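Worksheet: the structure to be examined is printed underneath.
The values are calculated or read from the model by the stated rules, or taken from the named source; none is laboratory data. All of these numbers come straight from a predicted model, not from anything done at the bench. Heads up, the Cβs are rebuilt from the backbone with ideal geometry, glycines too, and the neighbour counts pull from every protein chain shown. The accessibility values were calculated without ligands, DNA or RNA, using every heavy atom of the protein model including side chains. Shrake-Rupley method; radii C 1.70, N 1.55, O 1.52, S 1.80 Å.
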4 protein chains.
Amino acid sequence: MCRIAIYLGPEIALKALLTLPEHSLLKQSWQPRELKYAKLNADGYGYAWFDEENRPLRYVFSEPIWADPNLHELAAGLSSDLWMAFIRSASEGFGNHTANTQPFRTEHLVFMHNGYIETFNHSIRTQLLHQLPHQIQTEIQGNTDSEYLFALIRWLSSQHPNSSLPDLLTRCLEWMDTHLEDEKALLNLALSDGNSVAACRHAFNDDAPSLYYSTEDSNFPDGAQLIASEPLDAAETWHRVPESHILYLRRTHTPELRTL
Amino acid sequence: MCRIAIYLGPEIALKALLTLPEHSLLKQSWQPRELKYAKLNADGYGYAWFDEENRPLRYVFSEPIWADPNLHELAAGLSSDLWMAFIRSASEGFGNHTANTQPFRTEHLVFMHNGYIETFNHSIRTQLLHQLPHQIQTEIQGNTDSEYLFALIRWLSSQHPNSSLPDLLTRCLEWMDTHLEDEKALLNLALSDGNSVAACRHAFNDDAPSLYYSTEDSNFPDGAQLIASEPLDAAETWHRVPESHILYLRRTHTPELRTL
Amino acid sequence: MCRIAIYLGPEIALKALLTLPEHSLLKQSWQPRELKYAKLNADGYGYAWFDEENRPLRYVFSEPIWADPNLHELAAGLSSDLWMAFIRSASEGFGNHTANTQPFRTEHLVFMHNGYIETFNHSIRTQLLHQLPHQIQTEIQGNTDSEYLFALIRWLSSQHPNSSLPDLLTRCLEWMDTHLEDEKALLNLALSDGNSVAACRHAFNDDAPSLYYSTEDSNFPDGAQLIASEPLDAAETWHRVPESHILYLRRTHTPELRTL
Amino acid sequence: MCRIAIYLGPEIALKALLTLPEHSLLKQSWQPRELKYAKLNADGYGYAWFDEENRPLRYVFSEPIWADPNLHELAAGLSSDLWMAFIRSASEGFGNHTANTQPFRTEHLVFMHNGYIETFNHSIRTQLLHQLPHQIQTEIQGNTDSEYLFALIRWLSSQHPNSSLPDLLTRCLEWMDTHLEDEKALLNLALSDGNSVAACRHAFNDDAPSLYYSTEDSNFPDGAQLIASEPLDAAETWHRVPESHILYLRRTHTPELRTL
């Protein structure tokens, strides 16, 4: 269980998203409001953005966000028009090191997962070991359910190369629906290709983690589209994403909410 | 590529093996003499021993051994009659974090690998993903060739439960012989169950890393049986393990050298 | 603000103090009950014990105790008849690294401080820079109020070499009383020489942090003397140390409670 | 003993200085050519640049540069027209943690020191503890000779507020000349205020570490002014800074070489 924050809009310094809001991810690391299965998000953090050729860049730190000696200076020095940020609450058995720290990224995509899959090692991981192409399996570096979910999405993407980001999330959830039995699976997922972002709020056999969006948070510039596990500022400018919905952000559109 | 040191004999403090010898692992971390494919062993270190019920205990640190603030005090405070110690030189692509730091251990066994498997991700890892039982695959936490080798040994052990430690190493090398093509595979392996230790010096398609043993190093107590990648003290009391041999240490025997 | 636990008695494994009790320091790291100025103790931890020649040995880790990959195996593998253990909640401005992680130790003494000194840099640190002998100042490696308090105690010890441990704590508090103005100073201090332990509960211009002791906790062997910021087990076997008191543990006595 | 690299010129990505050159700092960390008192620079690294209001920003990492999971992505994502970069070889007694990792910076200045002061704790540190204003002493967070040298420079700057950067380095060396006896002191220093850079090559009672500069390295843009402990590329475009000289870089001038 973790917390995420996503920004698409005019270029801003990272700190505007990560540390300055009243209920920033920095604050949510030790004082989250709506975390169900944990008390803290103190097992590392990270963020991703895209370079001028639209390739992902990423920073990860395996200790609590507040303990990072570089937090405030990188947050002041890095600017982008798209941010994907993550604070981690590690699930049992998934060690606190950088191979297990989100966001994950490949050459084109950035992925984040807020949630967990119950008895992952004995159910979904085993099934994915059967089905995933070996090439994709060999790219896995850690052992989290989240990294395997991203591997699943890359496999689905290779099979359906023209899928939009919301399509990929939908296919991922469909695969999970087919392969889960009665294990709980909390699956708030977010995916970006540098131009757009899709994020879903969904769970099987349990309630989904909280998820919100806003285009009216006055602490961000006009044109900002925001997604976060918990409202970053005054709650009245944020809207709850309903369960089993996908939110789709594009530069030239207002946020689009789709049912799954 | 890495360096290892192993001790079986009367109880000694860890420092007698790890830091005090003239050419200790601490020294070999920055000034190894016989390392072929690297210049340093500065990518972490670790050691393992066994508790009174013969269960492995282990310490790992993902930074250089000399940078560990706890090195000298733990090395003074921990004593055992069996030590398996390791300093790491990471191969490209295998990140510097504790999930990739040796020794590895399960409930009964401790394992160390000094060497590497060329193009591992595209050959042996793919084949192991085909063959290893999923239960054993799900125990893998990092992404090194070494951890997969240990998974292979555990699988072989489950299939041949009465195998001795040298038998398990032999079976592992036989499996590799069958599945390798012309990739280089440097496979100095060491395995212990708390009572005995087996270590082999072997490579496919290349020379094996250096390996030595001694029962006469005057800095260790009578009855000491030692194995190390490089002699820990004056070389004349150490013997080179010939290539393609296994060394077998037991409490009640002198070291036994077997051809593979 | 932090939490401490101290044990004197028959030899026990570290885990009996650190991780096994129902309200162990591991639990208090993320769920303390009586912490006033913080919500967590997730800024590192450490413990100290003594070797056969009565010299301190120490382990420190600058990340949360639960994130230490070596926590459980060292806690099982290390045994002693005297333990000083600490979990840290860093005060603002005192970085999360091992030079700032307690316990501190010199050749003969182990020291822990639970509390903080308000506006330390602008008052007490400046005054100590005037008064401490330069030799003692040059032994300081980090920048915490706690490390300066230990330097003060070493200076007092050099001036009054026959002082008992409670005397040293008393002298330290007297020095503070003389030099503090109206700054808050929370000063739960603990000091050990390997044979005995003194711990005080005291504050200037505020309430002191919580502190308890027990000789009847049924999860520890007969003869155990325990001190902890919060009861480690069922509260009815633990007694609150009154404010402005020193508790003195010796091997051959029952705990002695003295007024300051 | 360490290695440094400095860039002033048209805006470039950090990687152009830190990782791409044939003999980059990344390479010099494990294969330096002219390091005298050490074999490696594997005890951390860091870099500094300036924001639009000319305030220093800084990144530090206490492990080897090659072990940083964020090295290549930050080096690609950060751009500036002024870079100060550092790889560390720790002197005995100065722990491997971020409070001891260079560059150091205050609100206006960035400082780097390549060298060491013999018996620092027993000579210069003691004298500085006498002379430095307490306010400046309380800003010290670690225990390296380098951090005390920067404190000395800040004190000199407060006493001579109109001094140029070369003047401050000269005053620092004069103070050292007055206070050193026959201890070796290797003092390659570099100082920047965001607009200009001064770097000196000097030692007392020993030879100074190597230092070079270039304005003609073809891998950098026209207008680049470079300083480095070892030439970053083909040596013929780099010039040795003579001992006891200061090099002064300004945006609107060619590099100026002054005798001390």
Restricting attention to the stretch D:140-171, the residues that are buried (at least 16 other Cβ atoms within 10 Å of the Cβ) and within 26 Å of C:GLY93 (Cα to Cα) number exactly 18
If I filter the stretch B:233-250 down to residues being open to solvent by 60 Å² or more (accessible area, probe 1.4 Å) and at pLDDT 95 or above, which single residue comes out as nearest to B:LEU168 (Cα to Cα)?
B:GLU243
Counting only strands (runs of 3 or more DSSP E) entirely within the stretch C:1-100, those with at least 1 residues that are β-branched (Val, Ile, Thr) are C:2-13, C:56-61, C:79-88
Report yes if B:MET176 is under 28 Å from C:LEU78 (Cα atoms), touching a residue at least 24 places away in the same chain (Cβ under 8 Å) and open to solvent by less than 10 Å² (accessible area, probe 1.4 Å), otherwise no.
no
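Taking C:LEU168, is it touching a Ser or Thr at 6+ places or on another chain (Cβ under 7 Å), in contact (Cβ under 8 Å) with a residue 60 or more places away in the chain and more than 22 Å from C:SER29 (Cα to Cα)? Lay out the reasoning, then the answer.
Numbers: touching a Ser or Thr at 6+ places or on another chain (Cβ under 7 Å): yes; in contact (Cβ under 8 Å) with a residue 60 or more places away in the chain: no; more than 22 Å from C:SER29 (Cα to Cα): yes.
The answer is no for C:LEU168.
To keep it simple, each residue is scored yes or no on (1) open to solvent by 10 Å² or more (accessible area, probe 1.4 Å); (2) at the interface with chain C (Cβ under 8 Å from one of its Cβ atoms); (3) in contact with a Cys (Cβ under 7 Å, 6 or more places away or on another chain).
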| position | (1), (2), (3) |
| --- | --- |
| D:ASP81 | yes, no, no |
| D:ALA85 | no, no, no |
| D:THR98 | yes, yes, no |
| D:THR101 | no, no, no |
| D:ARG105 | yes, no, no |
| D:TYR116 | yes, no, no |
| D:ARG125 | no, yes, no |
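Please go through the stretch B:203-260 and pick out each residue that is charged (D, E, K, R) and within 17 Å of the chain's Cα centre (by Cα). Give the steps one after another, and end with the answer.
Within the stretch B:203-260, the subset charged (D, E, K, R) is B:206-207, B:216-217, B:222, B:230, B:233, B:236, B:240, B:243, B:250-251, B:256, B:258.
Correct list: B:GLU230, B:ARG240, B:GLU243, B:ARG250.
Would you tally the residues in the stretch C:197-211 being surrounded by fewer than 22 Cβ atoms within 10 Å (Cβ to Cβ) and either closer than 18 Å to C:LEU82 by Cβ or acidic (Asp, Glu) (or both)? Talk me through it step by step, then tell me what you get.
Keep residues of the stretch C:197-211 that are surrounded by fewer than 22 Cβ atoms within 10 Å (Cβ to Cβ), which gives C:203-207, C:210.
Still in the running and either closer than 18 Å to C:LEU82 by Cβ or acidic (Asp, Glu) (or both): C:206-207.
Counting residues in the stretch C:197-211 that are surrounded by fewer than 22 Cβ atoms within 10 Å (Cβ to Cβ) and either closer than 18 Å to C:LEU82 by Cβ or acidic (Asp, Glu) (or both) gives 2.
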Considering D:PHE120, D:PHE111, which residue is touching a helix residue (DSSP H, G or I) at 6+ places or on another chain (Cβ under 9 Å), in contact (Cβ under 8 Å) with a residue 24 or more places away in the chain, crowded, with 21+ Cβ neighbours inside 10 Å and within 14 Å of chain C (Cβ to nearest Cβ)?
D:PHE120
May I ask you to list pairs of residues, at least six apart or on different chains, whose Cβ atoms are under 6 Å apart, with the first in the stretch D:83-101 being small (Gly, Ala, Ser) and the second being crowded, with 24+ Cβ neighbours inside 10 Å and assigned to a strand (DSSP E or B)?
D:ALA85/D:ALA5; D:ALA85/D:TYR47; D:SER89/D:CYS2; D:SER91/D:TYR116
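Mind checking which helices (runs of 4 or more DSSP H) fall wholly inside the stretch C:122-207 and carry at least 3 residues that are of a type in the set (Phe, Trp, Tyr) and under 26 Å from D:THR119 (Cβ atoms)?
Numbers: elements: C:124-131, C:134-137, C:145-159, C:165-179.
Correct list: C:145-159.
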Quick check on the stretch C:64-76: of everything there that is open to solvent by 30 Å² or more (accessible area, probe 1.4 Å) and either more than 9 Å from every other protein chain (Cβ to nearest Cβ) or touching a residue at least 12 places away in the same chain (Cβ under 8 Å) (or both), which residue is nearest to C:PRO32 (Cα to Cα)?
C:TRP66
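Looking at the stretch B:1-20, which of its residues are within 15 Å of B:TRP66 (Cβ to Cβ) and touching a strand residue (DSSP E or B) at 6+ places or on another chain (Cβ under 9 Å)? Give the steps one after another, and end with the answer.
Within the stretch B:1-20, the subset within 15 Å of B:TRP66 (Cβ to Cβ) is B:3, B:15, B:18-20.
Those that are within 15 Å of B:TRP66 (Cβ to Cβ) and touching a strand residue (DSSP E or B) at 6+ places or on another chain (Cβ under 9 Å): B:ARG3, B:LEU18, B:LEU20.
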Being over 20 Å from B:LEU173 (Cβ atoms) and in contact with a Ser or Thr (Cβ under 7 Å, 6 or more places away or on another chain) is the filter here, so list the residues in the stretch B:124-140 that pass it.
B:HIS134, B:THR138
Identify the residue in the stretch A:12-56 that is under 23 Å from A:LEU78 (Cα atoms), touching a residue at least 12 places away in the same chain (Cβ under 8 Å) and open to solvent by 60 Å² or more (accessible area, probe 1.4 Å) and, among all such residues, is nearest to the other protein chains (Cβ to nearest Cβ).
A:ARG55
